[in-house]
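Enquirer: Below are the structure tokens for one structure; questions will follow.
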Amino acid sequence: MKRSTLLKSIAAAAVVGAGALAAAPAMSAEVDGVMDDLRVVKIRAGEPITIGVYEVLSGPDTALGLDQWRGIQVAASDAGDKVAGHAIRFLTEDTGCNAEGGQTAATKIAANTQTVIALGGSCSSATTPAAPILWKAGIPNISTSASSPALTAPDRGPGYDGFVRVIYNDNWAGKEVGDWAVNVMGFKRFATIHDGSPYAEKLVRVFQKRLVELGAELVSDEAVSPTDVDMRPVLTKIATSKPDLIYSPTFVAATAYMLRQKTEIAGLEKTMFVGSDASFGAQLLEAAGKDVVGYKITTTAQEVEAQGEGYPAMREKYKEMFGEYPIQGFHGNGYDAFMMAKNAIEKVAVVKDGATYIPIAALTAAVKATKDHNGMTGMLTCDQYGDCAVYKFAVYEFNSDDKSTLEMGKNPKRIYPEKF
């Protein structure tokens, strides 16, 4: 295939909607004698290498994506702001943590035929449509915190063949939440609330499956919209079933409304309310106020001592670069995603006549072959489906609505397990 024809094909593929059937790209390429089964990106001497980044960077969940984007920037700085001898050009797009935003962000990134790889997204709802658009354009994707089981499921479809992630799989998380709630806390009756997103709904379903396996009872299974502001009807309905625990892994806005309105509902005074790391951040404290106290979230352990050996220095550099310590829990994931991409790019790069050539099929294979990567979040090895993360289940409880106290391990404070 001629290079001009190849570029037209890639550009056309970039505008395919998320609803289209996304198959593995049927391309092959030769550029200046460099061959690849997919495509080849040529970077001339003095030109930057282009890396796409798509995260949630606006709205109530800003902290989630901004924290990861900052982690990527810290990693780039540690790499001397170069990959394979070239300066870095980041194409950064905001997803809004929704499907439409993910589709738009991916389409913009894919439209640039110099894009070598994409990092992101933050949310499964945005990543689910984005990853196939990127792969249709021949762009592999390392996700920073999209944890829906469907993204790495064996039957996920060829549109996700270029996808891996450095965040844990919610198949792991949902099971662990169930084990803790039943076997450690001794609860028997449960209610769940999800917001219809691929993240929250899939996580809830895994949790519910584990309840059945453990012989516990699901007394109420409810859904809200991410834009709902009145949670009283749902909470009132749940109260009639008298659950010991409500599990609601929703994002900041919905969680804050539930926390504030839960106190108004008779019958929920002794019911434990548990969410997930999707709601962690200063914006939750602002929105929920004093009602955040006692709220529990489940996540992977995030204290300094639970991270990789290089994390303490990374955390200090984060503060040096941005004037504050990490604002959410997945900056280390952003760092690891960048470094995995950098290592893979440099492994497959071909230098010829002063230019650098990146064979993308070879790059994708190199990313997937990541093994024993000594990352900020631990030792990362990718399995055959693209799950590369380390997972250490933990439960944290908020003890103050004072934003100045917000820090994993302090506020919220880890209540389980006692030791790693």
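Enquirer: Obtain the nm distance between the two label points defined at ASP155 and ALA45 by a simple spin-label model: each point lies 7 Å from its Cα along the Cα-to-C-beta direction.
Expert: 5.5
Enquirer: Note down the relative contact order for segment 258-368 as a percent, whole number, built from C-alpha pairs under 8 angstrom at least six residues apart.
Expert: 18 percent.
Enquirer: Sticking with this structure for a sec: Would you mind giving the three semi-axes, in whole Å and largest first, of the ellipsoid equivalent to the chain according to its Cα gyration tensor?
Expert: Three semi-axes, in Å: 39, 22, 18.
Enquirer: What does the C-alpha gyration tensor say about the overall shape of segment 54-181? Classify as rounded when a/c is under 1.5, otherwise prolate if a/b is larger than b/c, or oblate.
Expert: It is prolate, given that a/c is not under 1.5 and a/b is the larger ratio.
Enquirer: In percent, what relative contact order does segment 122-206 have, based on Cα pairs under 8 Å that are 6 or more apart in sequence?
Expert: 33
Enquirer: Where the centroid of each part is defined by its Cα atoms, how far is segment 389-420 from segment 260-335 in Å?
Expert: Result: 7 Å between the Cα centres.
Enquirer: Is the shape of segment 247-333 rounded, prolate or oblate, going by the alpha carbon gyration tensor and its root eigenvalues a ≥ b ≥ c, with a/c under 1.5 for rounded and a/b larger than b/c for prolate?
Expert: Prolate.
Enquirer: I want to verify a result. In a Gaussian network model of the chain, Cα cutoff 10 Å, which of these has the top mean-square fluctuation: ALA137, ALA191, ALA365?
Expert: ALA365
Enquirer: Expressed as a rounded percentage, what relative contact order does segment 35-122 have, with Cα pairs under 8 Å and six or more residues apart?
Expert: Here the relative contact order equals 45 percent.
Enquirer: Related question: Starting from the Kirkwood radius over alpha-carbon pairs of segment 272-420, derive D by Stokes-Einstein at 20 °C in a medium of 1.002 mPa s and give it in µm² s⁻¹.
Expert: Estimated diffusion coefficient is 124 µm²/s.
Enquirer: Between SER220, SER147, SER404, find the one with the highest GNM mean-square fluctuation for the chain; connect C-alpha pairs within less than 10 Å.
Expert: In this elastic network of the chain, the residue with the biggest mean-square fluctuation among SER220, SER147, SER404 is SER404.
Enquirer: What residues from segment 63-87 fall in the zone where the backbone N is under 15 Å from a label point 7 Å along the Cα-to-C-beta line of GLU316?
Expert: none
Enquirer: Accessible surface of GLU269 in the full protein assembly, 1.4 angstrom probe, to the nearest 10 Å²?
Expert: Approximately 140 Å² for this residue.
Enquirer: Mind ordering 57-63, 76-82, 330-336, 309-315 by average Cβ neighbours within 10 Å, highest first?
Expert: 330-336, 57-63, 309-315, 76-82
Enquirer: Turning to a different aspect of this structure: How far is helix 99-110 tilted, in degrees, relative to the longest principal axis of the Cα atoms in the chain, given as a value from 0 to 90 rounded to the nearest 10?
Expert: Long axis of 99-110 versus the principal axis of the chain: about 20 degrees.
Enquirer: Need the list of aspartates and glutamates near LYS42 for cross-linking: C-alpha distance under 12 angstrom, and skip anything on the same chain fewer than eight residues off.
Expert: Within reach: GLU30, ASP32, ASP353.
Enquirer: Still on this structure, I have one more. Looking at the chain as a GNM with Cα springs under 10 Å, which of GLY120, GLY289, GLY178 has the largest mean-square fluctuation?
Expert: Judging by the Gaussian network model, the answer is GLY289.
Enquirer: Quick check: residue separation of SER28 and LYS371 times 0.36 nm, minus the Cα distance between them. What number comes out in nm?
Expert: 120.8 nm
Enquirer: For segment 282-396, with only Lys/Arg (+1) and Asp/Glu (-1) charged at the beta-carbon, what is the dipole magnitude about the Cα centre, in debye rounded to 20?
Expert: 200
Enquirer: Using the structure shown, select from LYS270/LYS403; LYS317/LYS392; LYS270/LYS290; LYS108/LYS319 the pairs with a Cα to Cα distance greater than 29 angstrom.
Expert: From LYS270/LYS403; LYS317/LYS392; LYS270/LYS290; LYS108/LYS319, over 29 Å: LYS108/LYS319.
Enquirer: How high is the FRET efficiency from LYS237 to GLU305, r the C-beta distance, R0 56 Å, rounded to 0.05?
Expert: So the FRET efficiency works out to roughly 0.85.
The values are calculated or read from the model by the stated rules, or taken from the named source; none is laboratory data. Here the structure is a predicted model, which means the values were calculated and not measured. Here Cβ is always computed from backbone atoms with ideal geometry, including for glycine, and neighbour counts include all displayed protein chains. Quick note on the areas: whole protein, heavy atoms, side chains included, nothing else; ligands and nucleic acids left out. Shrake-Rupley method; radii C 1.70, N 1.55, O 1.52, S 1.80 Å.
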